[in-house]
Amino acid sequence: AQSVTQPDIHITVSEGASLELRCNYSYGATPYLFWYVQSPGQGLQLLLKYFSGDTLVQGIKGFEAEFKRSQSSFNLRKPSVHWSDAAEYFCAVALTSGTYKYIFGTGTRLKVLA
Amino acid sequence: DAGVTQSPTHLIKTRGQQVTLRCSPKSGHDTVSWYQQALGQGPQFIFQYYEEEERQRGNFPDRFSGHQFPNYSSELNVNALLLGDSALYLCASSSGPDTQYFGPGTRLTVL
């Protein structure tokens, strides 16, 4: 069965430090890949997406992600974290079978220390 | 351009009752999906509607049903509510094989 794994439930970084959030997926083909952010009590906001082509994708708010086929990974990075980045981050895959049902990971909660 | 809107924002029901949640998709979007997000979990796919028909369904019981109207808005109905149905219900809209945009959700509490 297809699955998405986010191994880190919680991550704490200091403001200004770099950030990497991990995401691994299990799927036979290369799916569509997404990172979403969710602030407390809010819906999901799209940060970036990968469909094909250049494996390093840029998103909003200074985030980027790199797709590595050999590792089935799509890790999210940011060179310098701001206090406002504190939120929950979800990696998701969409199966390219004609319909676009998303499978989400369990999320990584980011805490930013001042 | 309004994004995806959902109503109500919060809802409290008791076990055994029925509930209807509503969603208006982003302008120009014709596909609506519903997700359930339990506390501390990622969203789980319930079902997807396109052209007023259920196109795909996740692993949810028949108590969960939906509808899509000609203007592409959608409803999620849950019958015979259980305590475990307490969650944030998210609606997402899209147009074709591309990104889904999520609404703010409806927080359902079942007592």
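The values are calculated or read from the model by the stated rules, or taken from the named source; none is laboratory data. Please read all numbers here as calculations on a predicted model, not as lab measurements. So basically every Cβ, Gly included, is an ideal-geometry build from the backbone, and we count neighbours across all protein chains shown. Just so you know, the surface numbers come from the protein's heavy atoms only, side chains and all, with ligands and any DNA or RNA stripped out. Shrake-Rupley method; radii C 1.70, N 1.55, O 1.52, S 1.80 Å.
So that you can scan it fast, the table gives a plain yes or no per residue for (1) more than 9 Å from chain B (Cβ to nearest Cβ); (2) in contact with a helix residue (DSSP H, G or I) (Cβ under 8 Å, 6 or more places away or on another chain); (3) closer than 21 Å to residue A:41 by Cβ; (4) touching a residue at least 12 places away in the same chain (Cβ under 8 Å):
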{"site": "A:61", "(1), (2), (3), (4)": "yes, yes, yes, yes"}
{"site": "A:64", "(1), (2), (3), (4)": "yes, no, no, yes"}
{"site": "A:73", "(1), (2), (3), (4)": "yes, no, no, yes"}
{"site": "A:80", "(1), (2), (3), (4)": "yes, yes, no, yes"}
{"site": "A:92", "(1), (2), (3), (4)": "no, no, yes, yes"}
{"site": "A:95", "(1), (2), (3), (4)": "yes, no, no, yes"}
{"site": "A:108", "(1), (2), (3), (4)": "yes, no, yes, yes"}
**Request:** Sort through A:58, A:71, A:45 and tell me the only one that's closer than 30 Å to residue B:8 by Cα and open to solvent by 20 Å² or more (accessible area, probe 1.4 Å).
**Result:** A:45
**Message:** Quick check on my filter: what residues within region B:12-55 are assigned to a loop (DSSP other than H, G, I, E, B), under 22 Å from residue A:42 (Cβ atoms) and touching a residue at least 60 places away in the same chain (Cβ under 8 Å)?
**Reply:** B:25, B:26, B:29
**Request:** Give region A:8-26 a look and list any residue that's open to solvent by 60 Å² or more (accessible area, probe 1.4 Å), of a type outside the set (A, V, I, L, M, F, W, C) and in a loop (DSSP other than H, G, I, E, B), or say none.
**Result:** A:15, A:18, A:22
**Item:** Residues that are surrounded by 13 or more Cβ atoms within 10 Å (Cβ to Cβ) and facing chain A (nearest Cβ under 9 Å), drawn from region B:4-46
**Value:** B:4, B:6, B:31, B:33, B:35, B:37, B:41, B:42, B:43, B:44, B:45
**Item:** Residue that is surrounded by the fewest Cβ atoms within 10 Å (Cβ to Cβ), among those in region B:62-109 that are farther than 18 Å from residue B:43 by Cα and of a type in the set (Phe, Trp, Tyr)
**Value:** B:69
**Request:** Answer yes or no as to whether residue A:93 is touching a strand residue (DSSP E or B) at 6+ places or on another chain (Cβ under 7 Å), surrounded by 19 or more Cβ atoms within 10 Å (Cβ to Cβ) and farther than 30 Å from residue B:8 by Cα.
**Result:** no
**Request:** Look at region A:55-68 and say how many of its residues are of a type in the set (Lys, Arg) and part of a strand (DSSP E or B).
**Result:** 1
**Request:** Just one of (1) over 13 Å from residue A:108 (Cβ atoms); (2) surrounded by 12 or more Cβ atoms within 10 Å (Cβ to Cβ); (3) within 13 Å of chain B (Cβ to nearest Cβ) trips up residue A:1, so point out which.
**Result:** (2)
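What do you reckon, is residue B:72 in contact with a Pro (Cβ under 7 Å, 6 or more places away or on another chain) and not basic (Lys, Arg)?
yes
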**Message:** Among the residues of region A:40-50, are any within 11 Å of the chain's Cα centre (by Cα), more than 17 Å from residue A:106 (Cβ to Cβ), within 12 Å of another protein chain (Cβ to nearest Cβ) and of a type in the set (Ser, Thr, Tyr)?
**Reply:** yes
